[in-house]
Structure formats: structure tokens, C-alpha cells
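Data block below; observations after.
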């Protein structure tokens, strides 16, 4: 009954979602509603070099109180060790949500850190200041969630203030197996608190973990346990399952997630997107357990990737920004629009 109710809420909110990757079966009957939205998008940021394995991606997009759009994006080179190729978090500003101009560059040498992945950008609902969270290997240690000091404007973020705010817990005993690393924060303010969904790396698999905080500075596991993952490795996401975005919709929240199958080519990077729902921000009900809904309609020879999406409501529509695979094995950030009303 809960799943049926959640699915009905989803369909009422998201009437024309994207089509999945052509080579990967997609869910039904929701897939029948995908239509032309799969082909309609605007490219908002390309990689610095138009060559395979150069990426612009991992967007975190907000619209501030004055209606200005801000985006934090991870820029990635094709050079260096995989997992450490994110050389810059770029801050961009736009008035219409499509035409963005760079206003700040935070390079890995500025922190310093070996490499970046997904950032999280948000505006404090109480102070109006901006918060920026990063992730990467901290001080030659494990991947952790890192925060900069709050800033009056995103141009003023200071990388010298970076410090870890979510790090792996120490082992409770010799044979203990807590998550070894955390990365790719998805952060919202809801129900009177900050909520952070992260990838937890456990025995070379990625799962979703939930932390909460009263102020965005001090974080604890939302359920009280560092071992509690809020989504399972199962179905089409039996290799990885990861958080993407959380959007309020009526009685609860649409929980957008991503993952990959152990049967796919290079499931570490061939990551697609599915949908779930939560009434309490911790119990996640998977709406697309059999197959993903979102995949690139312009895949390359190796990847159908549609990942790292961020979603927000804009003037009666639901907008999604995602890192999407291109035919030449680059990845770019695209904006998609879905009707709500």
C-alpha cells in the first residue's frame, strides 16, 4: 500500500520523466510516459577539453532568495589515477538557469586535496548565507565530507577554511566493518534539520547512508548507527546504489537515486538513475526496483551514464541537472524540464 501510494504521488508530480538508456530495459508503466522529454535538454556546462574521459559534472544547483541560480560543478581531467581526476570545483552564476557564467574556481591545490568529486551547495534558511560541502581524501586519509566556512555570496568561499565534518568512524573492535569512506554529499534542510545522504564505501561496494545535523556543522547518523544503509544492493542496482537528490512533494519527498548492475560494462562509471519515495527521510521505498528510468539518449561506445542529478522546482516545473554521457565518451551537464501542474 505504501509503495502504491508513493507511486501515485510520483506520477502526479512527474508526468513526463526521461527515457532510460536504449540498451537497458526500463520500468513499465512509468516508462510509457517518458515521451519527448528524453530528447529535450539544454547543455549548460561542457568539459574544458572535448576529448574522451574529460567531464563536466556532479552539479549542485540552487535558486537563491532573489531568484539567482548558482551551480557548483566538478571538473574532471582524463589524466591521473581514476578517482583523483577531479581537479576543480567551479562555481557559476546564472539568471535563467541555463546560461551560467563562472565566478569562482576552487582547485584541488587550493585546499589542498588529491582530487574532488561531487560538491553540495545550499543556502542557509535562517541566515541566508551560502554553504559549500566538498569531498575527497582528507590529509592523505580516507574520503570524507568537507565543509568550507559559510559565505555571504558563493564568490567568497575560502578553500583555506576546509575541514572534515563527516569522516569514517573508528572500528569498535578488530573485526568491525564500518564504512571505510564517505563521498558525494546530497544535503537538504527539511523537517527542522539538515540531512546529508552520502555514498558509504564498504567492502568495495557503494551504499547510501543518512546523517543529520541541527546546524550543518556537527553530523550524526540519522538512525543512530554508522552501519545502517538506507537502500539495498538489489535488482538493477546490485553493484552500486547512491543518492542523487531529495525533492519535497506533498506528503513526503521524492528520493532520486542512482546505481549500476554487476552485469553492465564498467559498472563503476556506467551509472543510471531511478526513483524512490520517503515519508520520513530515512525509510526509502524503491519505485523502480526492476530497471532504471534515466539514461543518456546520446550514449558513447561505452557509457549510457545519467548520474549526479540535482532537482529543483522552478515556476511550476521540476528541473533536473545531470551529468550525462556524450557520443565521444565525454560527459556534460544538461538541464531537463518536467511539468508539475
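Among strands (runs of 3 or more DSSP E) entirely within region 280-341, having at least 2 residues that are out of contact with any helix residue (DSSP H, G or I) (no Cβ under 8 Å at 6 or more places or on another chain) and free of Cβ contacts under 8 Å to residues at least 40 places away in the same chain singles out 317-325. The residue that is farthest from the chain's Cα centre (by Cα), counting only those in region 265-301 that are over 19 Å from residue 208 (Cβ atoms) and surrounded by fewer than 24 Cβ atoms within 10 Å (Cβ to Cβ), is 301.
Residues in region 189-247 that are outside any strand (DSSP E or B), over 19 Å from residue 271 (Cα atoms), without any contact (Cβ under 8 Å) to a residue 40 or more places away in the chain and in contact with a strand residue (DSSP E or B) (Cβ under 9 Å, 6 or more places away or on another chain): 214, 215, 228.
It is to be established whether one or more residues within region 156-164 are part of a strand (DSSP E or B) and in contact (Cβ under 8 Å) with a residue 12 or more places away in the chain. Checking region 156-164: at least one residue is part of a strand (DSSP E or B) and in contact (Cβ under 8 Å) with a residue 12 or more places away in the chain. Residues of region 150-171 that are surrounded by fewer than 22 Cβ atoms within 10 Å (Cβ to Cβ) and within 17 Å of residue 70 (Cα to Cα): 150, 151, 152, 153, 155, 156, 158. The set of residues in region 124-149 being crowded, with 18+ Cβ neighbours inside 10 Å and either part of a loop (DSSP other than H, G, I, E, B) or under 17 Å from the mean Cα position of the chain (by Cα) (or both) consists of 131, 132, 133, 134, 135, 136, 143, 144, 145, 146, 147, 148. Yes or no: residue 110 farther than 23 Å from residue 188 by Cα and without any contact (Cβ under 8 Å) to a residue 12 or more places away in the chain? No: the conditions fail for residue 110. In this entry, residue 172 passes the filter for residues that are under 21 Å from residue 224 (Cβ atoms), out of contact with any helix residue (DSSP H, G or I) (no Cβ under 9 Å at 6 or more places or on another chain) and modelled with pLDDT under 95.
The values are calculated or read from the model by the stated rules, or taken from the named source; none is laboratory data. No experiment lies behind these values; they were computed from the predicted model shown. Methodologically, a virtual Cβ is constructed for each residue, glycine included, from the backbone with ideal geometry; neighbour enumeration extends over all protein chains shown.
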